[in-house]
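Have a look at the structure below before the remarks.
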Amino acid sequence: MSWVHAVIDVPHPLHDGAAAFWGGALGWPAGAPWPGHPELQSFEPPRGAPYVHLQRIQGAPRVHLDLESATPDQTVALASRLGATYVGRRDRWRTLLSPGGLPFCVLQSARRETPEAVTWPGGHRSRMVQVCIDAPGSVHDQEVSFWRAVLPGRWVDSGAAEFAGKWHDDAGSPLQLLFQRLDEPEGPVRAHLDHGSDDVSAEVRRLRALGAHDVGAGRGWHTLRDPVGLDFCVTDNSPARDVHRELG
């Protein structure tokens with residue numbers, strides 16, 4: 001496994017608002033639709049490969065993962081044995097649901113370069129660095145076990161009861177994963193985006209000026225809501241492009 005991508009799924013009426021907001025938040029504008037897949041666009045950095053994408057869907061806004069694999073057939077087979085539900089195949093990817101119901105796709109890996117963080121007026125930097133997988137209590141342990149078995153790489157346990165730990169492939173993936181236990185006992189597993197910055201307060205102010213709604217501050221993060229209703233966090237995870245990330 002190499003790169004992990006984040007895909008922001010929105011219904012058609014909310015698409016333009018999501019493209020404008022996230023293009024401004026990332027500092028990378030939404031590019032042209034994918035050849036053969038007009039429902040998909042990528043937020044395109046000036047250098048490096050895109051890894052945050054936008055998709056029109058039928059249904060409520062959500063975030064899903066795309067996993068790159070050097071052996072996609074083997075990864076799909078492993079995920080299926082571990083409890084994933086196979087949904088279907090497109091020309092370049094296979095779609096599955098995790099045991100807790102989180103959509104994800106598996107595609108062939110390729111050589112890519114992670115973009116640099118964006119430096120904003122005033123000097124602070126930001127970059128999307130993490131996806132948090134949020135699981136209700138009844139399915140949390142099973143969901144964590146599933147992803148740890150599917151994803152090769154480094155795992156670091158968390159010292160906080162609400163978080164199981166963090167994952168990174170140590171091979172250059174632009175995104176790391178965090179696993180959170182929700183207070184709710186039942187429900188589907190979902191995911192949210194964590195936007196890393198070396199000045200959380202400055203980045204929160206910038207994103208609120210772009211139209212994000214303030215939800216509240218936490219311990220090392222600040223929760224916001226984008227204009228289409230998706231909660232996300234600004235975190236103090238380093239926005240630097242590094243291979244062996246600090247996961248403490």
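Some observations on this one:
- Set D169, D242, D231, D183: member being of a type in the set (D, E) and either under 28 Å from D16 (Cα atoms) or in contact with a helix residue (DSSP H, G or I) (Cβ under 6 Å, 6 or more places away or on another chain) (or both): D231
- Verdict on S138 being of a type in the set (S, T, N, Q), outside any strand (DSSP E or B) and closer than 23 Å to D66 by Cα: no
- Single residue of A79, A84, A70 found to be farther than 30 Å from L210 by Cα, in contact with a Pro (Cβ under 9 Å, 6 or more places away or on another chain) and touching a residue at least 12 places away in the same chain (Cβ under 8 Å): A84
- Within the stretch 1-104, strands (runs of 3 or more DSSP E) holding 1 or more residues that are touching a Phe, Trp or Tyr at 6+ places or on another chain (Cβ under 8 Å): 4-11, 40-42, 52-57, 62-69, 93-97
- Scanning the stretch 76-108 for residues that are among the hydroxyl-bearing types (S, T, Y) and either closer than 19 Å to P174 by Cβ or surrounded by fewer than 15 Cβ atoms within 10 Å (Cβ to Cβ) (or both) turns up S80, T85, Y86.
- Out of R225, R245, R219, sole residue that is touching a strand residue (DSSP E or B) at 6+ places or on another chain (Cβ under 9 Å), among the charged types (D, E, K, R) and within 19 Å of D198 (Cβ to Cβ): R245
- Among the residues of the stretch 3-34, the ones that are under 24 Å from T71 (Cα atoms) and surrounded by fewer than 18 Cβ atoms within 10 Å (Cβ to Cβ) come to 1 in all.
- Residue count for the stretch 205-233, restricted to those that are within 20 Å of L178 (Cβ to Cβ) and part of a helix (DSSP H, G or I): 1
- Candidates E68, E116, filtered to the one that is over 19 Å from G165 (Cβ atoms), touching a Leu at 6+ places or on another chain (Cβ under 8 Å) and of a type outside the set (S, T, N, Q): E68
- Note on the stretch 98-156: residues that are touching a Lys or Arg at 6+ places or on another chain (Cβ under 7 Å) and of a type in the set (S, T, Y) total 2.
- Count of the stretch 32-51 residues which are closer than 21 Å to V131 by Cβ and out of contact with any helix residue (DSSP H, G or I) (no Cβ under 6 Å at 6 or more places or on another chain): 11
- Members of the stretch 159-177 that are surrounded by fewer than 16 Cβ atoms within 10 Å (Cβ to Cβ), touching a strand residue (DSSP E or B) at 6+ places or on another chain (Cβ under 9 Å), on the phi < 0 side of the Ramachandran plot and assigned to a loop (DSSP other than H, G, I, E, B): A161, E162
- From D91, D73, residue being at pLDDT below 95, acidic (D, E) and in the same structural domain as A19 (by TED's automatic domain parsing): D91
The values are calculated or read from the model by the stated rules, or taken from the named source; none is laboratory data. What you are looking at is a predicted structure, and each value in this text was computed from that prediction instead of being measured. Counting neighbours? That spans all protein chains shown, and the Cβs are built from the backbone with ideal geometry, glycine included.
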